[in-house]
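Take a look at the following structure, please.
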Amino acid sequence: MKHNFGAGPGILPHEVFKQAAAGVLDFNGTGLSILEISHRSPEFEGVLDEAVKLVKELLEVPEGYSVLFLQGGASMQFAMVPYNLLPDGGKAAYLESGVWANKALKEAKYFGEVEIAATSKESNFTYIPKDFTIPADAAYFHITSNNTIYGTQLQKFFPSPIPVVADMSSDIFSRKINVADFGLIYAGAQKNMGPAGATLVIVKDEILGKSGRKIPAMLNYQTQIEGGSMYNTPPVFAIYVCMLTLNWLKSKGGVAEIEKENDAKARVLYEEIERNPIFKPVAATEDRSKMNVCFVVNNPEHEKPFLKLAEEKGIVGIKGHRSVGGFRASIYNALPITSVYVLIDAMQEFAEKNK
Ligand SMILES: *Cc1c(COP(=O)(O)O)cnc(C)c1O
């Protein structure tokens, strides 16, 4: 058995793999594969409706918001957000908390002025900047709720005089959020919600239609809302697997329950990193991510042998991102705490051998 700590595409529940596999062969007794049914069939419309309903239910999405399943990943949203929300000659504010935030703000520069409200670039993004003012004259304020590469996470969201746009690709559905605090939330599915190929967008309807810009249909939130995420052929299979994963989450008791499990997983792993003389954490204590746990070795010579030991134990995907080095254990919703204990055991065994 493998213990998948990969950062993305990440682990999904085993039951979901089984259901998805069954649906490929015979989707709900239709005698057809989910891969060959029409996206306009009542069967698939039922899947999409259910997925949207589950998003609304699990995140308690209030009235006045639209839920979309789009394509192009979070990276497409980097461009779509300013295309739709940043008026010509206007300004948008960004919190530069990592590589993804940086890529997002670069795209916004094609459409208007970008003000970096704060950055932690000087420390290679080991913390979340906190003392700054959000410019009230900007069209929106963009944040990354969880910095997948650096293992930092916003523990609190900033009160903002302007709509907040959040890239939640790597922590959506991992903890309770108040959707009403946001103008727009987006997330590529492949970290915590489903397979690659679908991107979730939750947008407050009233912030749209203000850019004064002509927008191509596919990149226009309004078109996508009017088409019910079916302006063109949607990513049928990816949406199906998202629906199955959200159903799994609901059956586990929803976001509040998974948040407790996620807290427990993160706590035991950080405790071991703190305690174990071989390793040390990367991120500032108060900003540590409960989804991507980054840590390094005190002695560089220990890096390769630990990776080898981990591999022998069936631990997969813990090599850190090249811009941070060391290790990154992604402990997404579907990763059981038993897998975290396997990693902790390996760390203890390694420390014992290298005393
Ligand atoms: C993975 C990731 C992205 C990139 O997502 P794509 O779907 O590959 O475009 C963007 N932002 C964050 C926070 C991520 O973790």
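The values are calculated or read from the model by the stated rules, or taken from the named source; none is laboratory data. All figures in this text were calculated on a predicted structure; none of them were measured in a lab. Every residue, glycine among them, receives a Cβ derived from its backbone with ideal geometry; neighbour counts consider all protein chains shown. Protein only, heavy atoms only, side chains kept; ligands, DNA and RNA dropped before computing areas. Shrake-Rupley method; radii C 1.70, N 1.55, O 1.52, S 1.80 Å.
Nothing charged except the Cβ atoms of Lys and Arg (+1) and of Asp and Glu (-1): what's the magnitude of the dipole of the chain about its Cα centre? Round to the nearest 20 debye.
Numbers: 36 positive and 40 negative charges, 141 e Å.
The dipole magnitude comes to about 680 debye.
Same structure, new question: What share of the DSSP beta bridges in the chain is antiparallel, in percent to the nearest 5?
Details: 22 of 39 bridges.
Antiparallel bridges: around 55 percent, rounded to the nearest 5.
Take the alpha carbon atoms of the stretch 130-244, find their radius of gyration, then divide it by 2.2 N^0.38 Å using N residues; give the quotient. Please report the intermediate quantities before stating the final value.
Numbers: Rg = 15.3 Å, N = 115, 2.2 N^0.38 = 13.4 Å.
Compared with the compact-globule rule of thumb, the stretch 130-244 sits at 1.15.
Per-residue ellipticity at 222 nm for the chain, helices alone: DSSP H runs ≥ 4 residues times -39500 (n - 2.57), over residue total, nearest 500 deg cm²/dmol?
Working: 9 runs with 124 residues, N = 355.
The per-residue figure over the chain is -11000 deg cm²/dmol.
While we're looking at this one, here's another question. Treat every Asp and Glu Cβ in the stretch 76-154 as -1 and every Lys and Arg Cβ as +1, leave all other atoms uncharged, and give the resulting dipole magnitude about the Cα centre to the nearest 20 debye. Please list the in-between numbers first.
Details: 6 positive and 8 negative charges, 44 e Å.
That gives a dipole near 220 debye.
Can you pull the percent of Cα pairs in the stretch 255-353 with separation above 20 Å?
On the way: 1507 of 4851 pairs.
Tail of P(r) above 20 Å: 31 percent of Cα pairs.
Please sort by residue number the GluC sites (Glu not before Pro) in the stretch 30-76 whose DSSP state is loop and whose Cβ has at most 15 other Cβ atoms within 10 Å.
On the way: sites: Glu36, Glu43, Glu45, Glu50, Glu57, Glu60, Glu63; in loops: Glu36, Glu60, Glu63.
Sparse-neighbourhood loop GluC sites (Glu not before Pro): Glu36, Glu60, Glu63.
Among Tyr83, Tyr231, what's the order by accessible area (1.4 angstrom probe), most exposed first?
Values: Tyr83 45, Tyr231 115 Å².
Order by accessible area, largest first: Tyr231, Tyr83.
Could I have the simple spin-label model distance between Glu113 and Thr30, label points 7 Å from Cα toward Cβ, reported in nm to one decimal?
5.2
What number comes out for the charge environment of Gly183, summing +1 per Lys or Arg and -1 per Asp or Glu over other residues with Cβ under 14 Å away?
Values: positive: Lys204, Lys210; negative: Asp167, Asp181, Asp205, Glu206.
Every neighbour counted, the sum reads -2.
How much length, in nm to one decimal, is gained on full extension between Ala21 and Glu271, taken as 0.36 nm per residue of separation minus their Cα-Cα distance? Spell out each step's value before the answer.
On the way: separation 250, 0.36 × 250 = 90.00 nm, distance 3.76 nm.
Value of the extension gain: 86.2 nm.
Going highest first, how would you order 100-107, 257-264 by mean Cβ packing within 10 Å? Could you put the intermediate results ahead of the total?
Details: 100-107: 19.4, 257-264: 16.0.
Put in order of decreasing packing, that is 100-107, 257-264.
Rule-of-thumb check for the chain: C-alpha Rg over 2.2 N^0.38 Å? Don't jump to the answer; show the numbers that get you there.
Details: Rg = 20.8 Å, N = 355, 2.2 N^0.38 = 20.5 Å.
Here the Cα radius of gyration is 1.01 times the empirical estimate.
Output needed for the stretch 227-278: three equivalent-ellipsoid semi-axes, defined as square roots of 5 times the C-alpha gyration tensor eigenvalues, in descending order, whole Å.
Working: eigenvalues 270, 44, 13 Å².
Ellipsoid semi-axes (Å, largest first): 37, 15, 8.
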